[in-house]
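S.K.: Here's a structure for you.
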Amino acid sequence: NYSDEAKSADGWRTYVNDIYEKDRNMDALEKCVGDVYSQLGVDEKVQVYTSVLYTFTTVGDGKKNEFGDIDGDGKNEDFSNIADRKKAIKWIMDEELNRFNGRNYKNLEFCGFYWFEEAIDYSDPDEAELIAYAADYAHKLGKKLFWIPYYQASGYSEWQELGFDLASMQPNYMFTEGSTEQRVYDNAKFAAAYGMGVEIEVDGNVFSGDNDAFTPSRYDRYLSYLKVGVEKGYMNSIKMYYCDAVPGVYLTAYNNSDPKYHGIYDITYLYAKRKLSLDDPGKTFDNAPVVVTANEKFSGNLVS
């Protein structure tokens with residue numbers, strides 16, 4: 001959403017086309033859910049959301065955004081005009097939902113939209129009205145609008161007044177060198193005060209171990225996210241995650257033969273299911289789960 005190419009009508013179409021690429025993304029999720037639920041004997045649907053991209057008024061070093069024609073009327077949308085910005089927002093919400101409905105998915109339920117920006121730009125006089133418009137239109141469609149601000153981003157404490165249905169705040173501890181675990185506790189305090197969830201963040205550096213330039217390491221930082229979630233209760237609230245680009249940290253962890261790094265998958269599963277414990281043997285943070293396969297010999301010491 002931040003390259004100049006993405007800030008155009010063509011960029012928006014590329015994004016929507018990518019979501020509904022044949023046999024990929026939404027199609028792949030439909031197949032995956034069907035395969036798994038059929039094996040489990042579960043008759044449920046996975047709820048999905050798509051993004052409302054941002055109507056940037058400028059590109060590059062402040063040049064006016066020549067967005068292009070989004071609705072085929074032959075006219076360039078002028079984002080110095082709030083009506084055209086609303087037109088673009090309505091277009092992407094309609095396009096994403098209509099494409100979904102046209103696929104007749106049996107295993108997925110379209111529940112709403114994600115407001116892509118991570119902070120409120122109060123220097124933009126139209127910002128609050130645009131969010132309210134998107135929220136109102138989502139509600140007319142019977143859907144919800146949610147938001148994930150970064151740590152203490154502008155507007156985070158006014159998310160409800162702005163019109164969002166739900167929000168989670170990013171601690172950004174994973175990526176902020178020099179920060180301490182106190183940041184995760186502070187984020188939990190702010191989130192609880194304003195009725196928000198907490199986004200869990202992790203990237204591929206979690207596997208770098210002793211080669212990680214951060215202190216504490218990214219691995220230890222990730223454990224802090226989950227530990228504080230258990231301690232402060234956000235494990236029991238809405239779940240949102242950032243898990244890096246394809247293939248994603250959790251799949252990489254699942255396929256990792258090192259018990260320490262495979263354990264990232266196991267403890268995250270327990271966290272997601274609201275079952276993670278700080279003191280239950282086999283579920284602690286100081287002892288990664290041991291993973292063995294059938295007929296494999298394993299030796300070790302049990303600690304009571």
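S.K.: Would any residue of the stretch 228-258 have its amide N under 16 Å from a label point 7 Å out along Cα→Cβ of residue 220? List them or say none.
M.R.: Only 228 fall inside the zone, counting backbone N under 16 Å.
S.K.: Another question, if that's okay. When the dipole is taken about the Cα centre of the stretch 1-104, and only Lys, Arg (+1) and Asp, Glu (-1) are charged at their Cβ, what size is it in debye, to the nearest 20?
M.R.: On the way: 15 positive and 22 negative charges, 43 e Å.
The dipole of the stretch 1-104 has a size of about 200 debye.
S.K.: With +1 on each Lys and Arg Cβ and -1 on each Asp and Glu Cβ, how big is the dipole of the stretch 142-274 about its Cα centre, in debye rounded to the nearest 20? Mind dumping the intermediate values first?
M.R.: Values: 12 positive and 16 negative charges, 97 e Å.
With only Lys, Arg, Asp and Glu charged at Cβ, the dipole is about 460 debye.
S.K.: Also, I was wondering about something else. Give the lysines whose C-alpha is closer than 16 Å to that of residue 189, dropping any in the same chain fewer than 8 places away, or say none.
M.R.: List returned: 227, 232.
S.K.: Using modelled backbone amide H atoms (1.01 Å from N, in-plane), which distant-in-sequence or interchain residues come within less than 5 Å of residue 241's amide H?
M.R.: Answer set, sorted by chain and number: 200.
S.K.: Let me ask something else. Need one word for the chain: rounded, prolate or oblate. Basis is the Cα gyration tensor (sqrt eigenvalues a ≥ b ≥ c); a/c below 1.5 gives rounded, then a/b vs b/c decides.
M.R.: Working: a/c = 2.09, a/b = 1.59, b/c = 1.31.
It comes out prolate by the Cα gyration axes.
S.K.: Still on this structure: Of 175, 146, 113, which has the largest mean-square fluctuation in a 10 Å C-alpha GNM of the chain?
M.R.: Ranking 175, 146, 113 by mean-square fluctuation puts 175 first.
S.K.: For the chain, with the dipole built from +1 on Lys and Arg beta-carbon atoms and -1 on Asp and Glu ones, taken about the Cα centre, which of 219, 122, 40 lies farthest toward the positive end?
M.R.: With unit charges placed on the Cβ atoms, the residue in question is 40.
S.K.: Here is a further query. Averaged over all directions, how much area does the convex hull of the C-alpha atoms of the stretch 46-108 cover when projected, in nm²? Before the final figure, lay out each step's value.
M.R.: Numbers: hull surface 21.5 nm².
Mean orientational projected area (the stretch 46-108, Cα hull): 5.4 nm².
S.K.: Then there's this: Heads up, I need the accessible area for residue 274: 1.4 angstrom probe, whole protein in place, Å², nearest 10.
M.R.: For residue 274, solvent-accessible area is about 120 Å².
S.K.: Placing +1 at every Lys and Arg Cβ and -1 at every Asp and Glu Cβ, with all other atoms neutral, what dipole size does the chain have around its Cα centre, in debye to the nearest 20? Numbers along the way, then the final one.
M.R.: Working: 32 positive and 51 negative charges, 208 e Å.
Rounded to the nearest 20 debye, it is 1000 debye.
S.K.: To continue, here is another question. Considering only DSSP beta bridges with both partners in the chain, what is the antiparallel share in %, to the nearest 5?
M.R.: Working: 3 of 22 bridges.
Around 15 percent antiparallel, to the nearest 5.
S.K.: For the stretch 1-66, with the dipole built from +1 on Lys and Arg beta-carbon atoms and -1 on Asp and Glu ones, taken about the Cα centre, which of 51, 15, 62 lies farthest toward the positive end?
M.R.: Comparing the listed Cα positions along the dipole, 62 ranks first.
S.K.: Short version: ³J(HN,Hα) in whole Hz for each residue of the stretch 93-103, in order, from phi by Karplus 6.51 cos²θ - 1.76 cosθ + 1.60 (θ = phi - 60°), x for Gly and Pro, what are they?
M.R.: 5, 5, 5, 5, 5, 5, 4, 4, 4, x, 8
S.K.: Looking at the stretch 1-133 only, what percent of DSSP beta bridges run antiparallel? Nearest 5 please.
M.R.: On the way: 3 of 10 bridges.
So the antiparallel bridges in the stretch 1-133 amount to around 30 percent.
S.K.: Moving on. Just grab the label-to-label distance for residue 111 and residue 185, each label 7 Å out from Cα along the Cβ direction, in nm (one decimal).
M.R.: So the label points at residue 111 and residue 185 sit 3.2 nm apart.
S.K.: What residue among 239, 31, 227 shows peak mean-square fluctuation when the chain is described by a Gaussian network model with Cα springs under 10 Å?
M.R.: Residue with maximal mean-square fluctuation among 239, 31, 227: 31.
S.K.: Mind checking which of 259, 149, 125 has the largest fluctuation in a GNM of the chain, springs on alpha carbons under 10 Å?
M.R.: Maximum fluctuation in the GNM of the chain, among the listed residues, is at 125.
S.K.: I would also like to ask the following. Could you please put 269, 150 in sequence from largest to smallest accessible area, using a 1.4 Å probe?
M.R.: So the residues, ranked largest to smallest area, are 269, 150.
S.K.: Would you kindly state how much longer the chain becomes between residue 5 and residue 45 on full extension, computed as 0.36 nm times their sequence separation minus their alpha carbon distance, in nm to one decimal?
M.R.: Values: separation 40, 0.36 × 40 = 14.40 nm, distance 3.47 nm.
Gain in length upon complete extension: 10.9 nm.
S.K.: Also: Enumerate the residues in the stretch 5-30 having an amide nitrogen under 15 Å from the point lying 7 Å beyond the Cα of residue 246 toward its Cβ.
M.R.: 15-30
S.K.: Taking θ as phi - 60°, what are the ³J(HN,Hα) couplings along the stretch 248-265 by the Karplus curve (6.51, -1.76, 1.60), each to the nearest whole Hz, with x for Gly and Pro?
M.R.: Result, ordered by residue: x, 5, 5, 5, 4, 5, 4, 8, 7, 7, 6, x, 4, 7, 4, x, 4, 5 Hz.
S.K.: Specify which residue in the list 184, 162, 200 is farthest towards the positive end of the charge dipole of the stretch 149-236, using unit charges on the beta carbon of Lys, Arg (+1) and Asp, Glu (-1), about the Cα centre.
M.R.: 184
S.K.: Looking at the stretch 11-124, how many pairs of lysines come closer than 23 Å at the Cα, when each pair is eight or more places apart or spans two chains?
M.R.: Number of lysine pairs found: 16.
S.K.: Kindly provide log₁₀ I(q)/I(0) values, in the same order as q = 0.09, 0.12, 0.14 Å⁻¹, from the Debye equation applied to equal alpha-carbon scatterers of the stretch 1-160.
M.R.: Log-scaled intensity ratios, in q order: -0.34, -0.58, -0.77.
S.K.: If you count only protein heavy atoms with a 1.4 Å probe, what accessible area per residue comes out for the chain, rounded to a whole Å²?
M.R.: Working: 16210 Å² over 304 residues.
Heavy-atom SASA per residue in the chain reads 53 Å².
S.K.: Where the centroid of each part is defined by its Cα atoms, how far is the stretch 119-143 from the stretch 238-274 in Å?
M.R.: Measuring centre to centre over Cα atoms gives 33 Å.
The values are calculated or read from the model by the stated rules, or taken from the named source; none is laboratory data. Since we're looking at a predicted model, the values are computed, not measured. No Cβ is skipped: glycine too gets one built from the backbone with ideal geometry, and neighbour counts run over all protein chains shown. Please note that ligands, DNA and RNA were not included when accessible areas were found on the heavy atoms of the full protein model with its side chains. Shrake-Rupley method; radii C 1.70, N 1.55, O 1.52, S 1.80 Å.
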